[in-house]
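Chemist: Just passing along the structure, written as structure tokens.
The values are calculated or read from the model by the stated rules, or taken from the named source; none is laboratory data. Only a predicted model underlies this, so the values are computations on that prediction, with no experimental measurement involved. Here Cβ is always computed from backbone atoms with ideal geometry, including for glycine, and neighbour counts include all displayed protein chains.
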Amino acid sequence: MFKTILLFLFAWGIAYQSAWAEERAYRFVTLEFPPLEFTGEDGEPTGVAVEVVHRVMAALGLQVSIDVHPWSRSLDRVRKGDADAIFTAYKTPEREQFLDYSNVVLIPQVIALYARKDSPINFNGDLLALQDKQFGVVSTISYGAVFDQMRNQLRVQRVEDIEQNFKKLMLGRIDILISNIYVADWELKKTGFTKHISRLPLEVERLPSFIAFSKARDLTALRDRFDKELLRLKESGEFDAIVAKYDLTVPPDIQ
């Protein structure tokens with residue numbers, strides 16, 4: 001009889017924990033990176049990636065709240081297990097130590113260079129050919145392996161956000177700005193700098209960005225469910241419909 005009671009309590013405990021896990025609100029973090037993720041006029045997170053994440057979690061029947069922070073703080077929160085997941089994150093060896101990356105690409109991204117239209121700068125695909133130029137970067141952002149591996153060989157000026165870099169480019173304090181094209185093109189339209197600044201023709205790199213789950217939270221099962229629903233979203237055309245709302249052209253997934 002005692003064994004029966006223990007087995008019942010054990011089974012009840014597992015069922016209770018499972019139900020609690022399904023009902024609790026997950027907490028994801030991201031950064032100000034419009035139009036992919038940013039704080040809207042109503043103070044709530046919005047953007048392409050935010051809408052996709054909300055759509056996936058809703059389809060799974062799970063609640064999620066999304067906090068927008070400076071990138072370094074968001075990384076720190078998932079590293080400590082204070083947040084369940086982070087997006088949109090490039091995959092790096094250092095981050096893989098504390099993040100369990102999705103297997104399905106969240107947003108494929110394109111990295112390119114920007115310069116003043118009156119600048120004679122020409123990019124032939126070799127960053128080292130531009131060693132005498134001043135590059136503007138955002139201090140906490142990775143720009144993919146191609147640029148990051150050469151960063152120490154280039155003349156780099158760091159700022160806190162891309163808007164500061166565009167102002168420095170307009171004033172001639174830097175020669176080149178490197179950025180994800182979605183963010184840079186969005187900022188150019190917002191500021192009206194399109195008359196003076198343009199994207200150089202050759203891309204630096206195309207690379208995938210992901211949602212990644214905190215290893216401190218042991219969420220591999222959620223990651224797998226998220227992957228399955230994200231893939232369905234892409235195959236059904238729902239993903240493309242969300243992207244179209246923001247007037248973006250997103251390349252095919254890059255693994």
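Chemist: Has the stretch 174-195 got at least one residue that is surrounded by fewer than 18 Cβ atoms within 10 Å (Cβ to Cβ) and more than 23 Å from Thr249 (Cα to Cα)?
Modeler: Scanning the stretch 174-195 turns up no residue that is surrounded by fewer than 18 Cβ atoms within 10 Å (Cβ to Cβ) and more than 23 Å from Thr249 (Cα to Cα).
Chemist: Can you confirm whether Arg158 is basic (Lys, Arg), part of a strand (DSSP E or B) and not assigned by TED's automatic domain parsing to the domain that holds Glu238?
Modeler: Working: basic (Lys, Arg): yes; part of a strand (DSSP E or B): yes; not assigned by TED's automatic domain parsing to the domain that holds Glu238: yes.
Answer is yes for this residue.
Chemist: Kindly provide the set of residues from the stretch 89-104 that are touching a Pro at 6+ places or on another chain (Cβ under 9 Å) and crowded, with 20+ Cβ neighbours inside 10 Å, ordered by number.
Modeler: Answer for the stretch 89-104, where residues must be touching a Pro at 6+ places or on another chain (Cβ under 9 Å) and crowded, with 20+ Cβ neighbours inside 10 Å: just Tyr90.
Chemist: Let me confirm something: among Ile111, Ile162, which residue is free of Cβ contacts under 8 Å to residues at least 60 places away in the same chain, crowded, with 20+ Cβ neighbours inside 10 Å and of a type in the set (Val, Ile, Thr)? Can you show your working first?
Modeler: Details: Ile111 fails: free of Cβ contacts under 8 Å to residues at least 60 places away in the same chain.
Only one candidate qualifies: Ile162.
Chemist: Hand me the list of strands (runs of 3 or more DSSP E) wholly inside the stretch 31-148 holding 2 or more residues that are over 17 Å from the mean Cα position of the chain (by Cα).
Modeler: Values: elements: 64-68, 85-89, 99-101, 107-116, 134-138.
Hits in the stretch 31-148: 107-116, 134-138.
Chemist: Let me ask something else. Tell me, yes or no, whether the stretch 206-222 has at least one residue that is outside any helix (DSSP H, G or I) and farther than 28 Å from Phe87 by Cβ. Even if it seems obvious, please write down each step before you answer.
Modeler: Of the stretch 206-222, the ones outside any helix (DSSP H, G or I) are 206-214, 218-219.
Restricting the remaining residues to those that are farther than 28 Å from Phe87 by Cβ gives none.
Taking every residue of the stretch 206-222 in turn, none turns out to be outside any helix (DSSP H, G or I) and farther than 28 Å from Phe87 by Cβ.
Chemist: Does the stretch 105-126 hold any residues that are touching a Pro at 6+ places or on another chain (Cβ under 6 Å) and among the aliphatic types (A, V, I, L, M), and which are they? Let's see the steps before the verdict.
Modeler: Our first condition is that a residue be touching a Pro at 6+ places or on another chain (Cβ under 6 Å); within the stretch 105-126, this holds for 105, 108.
Result: Val105, single match.
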